[in-house]
1. For the stretch 97-106, check the following and say yes or no: at least one residue is touching a Cys at 6+ places or on another chain (Cβ under 8 Å) and either of a type outside the set (Asp, Glu) or over 27 Å from Gln247 (Cα atoms) (or both).
2. Going by what's in this entry, would Arg47 be described as basic (Lys, Arg) and in contact with a strand residue (DSSP E or B) (Cβ under 6 Å, 6 or more places away or on another chain)?
3. Within the stretch 139-173, can you find the residues that are at pLDDT below 85 and under 18 Å from Gln247 (Cα atoms)?
4. Right, Pro270: more than 14 Å from the chain's Cα centre (by Cα), under 19 Å from Asn102 (Cα atoms), surrounded by 18 or more Cβ atoms within 10 Å (Cβ to Cβ) and of a type outside the set (Val, Ile, Thr) or not?
5. Answer with yes or no whether Ala186 is surrounded by fewer than 18 Cβ atoms within 10 Å (Cβ to Cβ), without any contact (Cβ under 8 Å) to a residue 12 or more places away in the chain and closer than 17 Å to Glu231 by Cα.
6. Among the residues of the stretch 233-264, what is the count of those that are surrounded by fewer than 16 Cβ atoms within 10 Å (Cβ to Cβ) and within 21 Å of Ser198 (Cβ to Cβ)?
7. Could you count how many residues in the stretch 243-275 are of a type in the set (Lys, Arg), assigned to a helix (DSSP H, G or I) and either free of Cβ contacts under 8 Å to residues at least 24 places away in the same chain or closer than 26 Å to Ala183 by Cβ (or both)?
8. Filter the stretch 213-242 down to residues that are of a type outside the set (Asp, Glu) and outside any helix (DSSP H, G or I), then give me how many there are.
Amino acid sequence: MIGLVVILLVSAALIALILAGPWLRQRQRARRTADAFPPHWDAMLTRKLPIYRQLPVDLKGRLRQSIQVFLAEKEFVGCAGLQITEEMRLIVAAQACLLIVNRGIERYDYVRTILVYPAAFIAEHEERDEAGVHTFEQKVLGGESWQEGKVILSWQDVRDGLELSGEAYNVVYHEFAHQLDQADGAANGAPLLDDAESYRRWSVVFKEEFEQLQRALDNGEATLLPEDAAENPGEFFAIATEVFMEQPIELRHRHLQLYRELSNYYRLDPAAWCS
């Protein structure tokens, strides 16, 4: 009898802890965002991150709060001898958080670890052909996104993205877009959307834009989105996110419907910051 009582008490305590988890997390986040944003962080982002200088004041304030939570909750790990610095953590966090600043930091609840290499790294990928034959191929990558809540980045590629500001190359936007895409378990080019109508509209626009890009490349036409975007819907979404953030005016001008879908999803209008 005593054993049964103990089991019931332990079970009740575990249930209470599970139910209290979200509430406790919100309390912790509220305390973190109540702290003043360190002035030297603001100065570092102003110097190092061009887009940060363009943000509207209210958006910049929300971004700072997201950064504070992100840095408190996510683990950064240096690989191949790289020592993680405050600048590295801040630059990655700011760009990752800009994607979800108007959607909520909880969009990254499942992201646990960011592994950073000094430069491009070699990853082994399993490939399967139409006959079902499996082969292993080594690829040199600047970033990678895992469904287990891990993001891998090359710091050299992160820095290159900053120096190439205004061009559609940003490994942080790319890999964290993959994380958003994978939130429902599959990197299929459709992140979690608000309702059935949003999914319907997204499917129509993205399918049309994806097929249009493939046709243009087949015909040897110049395209705003690079060739890699035609590989599969997941890559299309990630690369379209890069173009949306880095070349918003061009994307809005040449692919208005695509720009609108991305703007609705991210709840951002980067073309307005650059106008």
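1. Checked against the condition, which is being touching a Cys at 6+ places or on another chain (Cβ under 8 Å) and either of a type outside the set (Asp, Glu) or over 27 Å from Gln247 (Cα atoms) (or both), the stretch 97-106 yields at least one hit.
2. Judged against the criteria, Arg47 is not a match.
3. The answer is Glu163, Leu164, Ser165, Gly166, Glu167, Ala168.
4. yes
5. Judged against the criteria, Ala186 is a match.
6. Total meeting the criteria: 4.
7. Qualifying residue count, the stretch 243-275: 2.
8. Qualifying residue count for the region: 8.
The values are calculated or read from the model by the stated rules, or taken from the named source; none is laboratory data. Every value quoted in this text rests on a predicted model; they were computed, and no experiment measured them. So basically every Cβ, Gly included, is an ideal-geometry build from the backbone, and we count neighbours across all protein chains shown.
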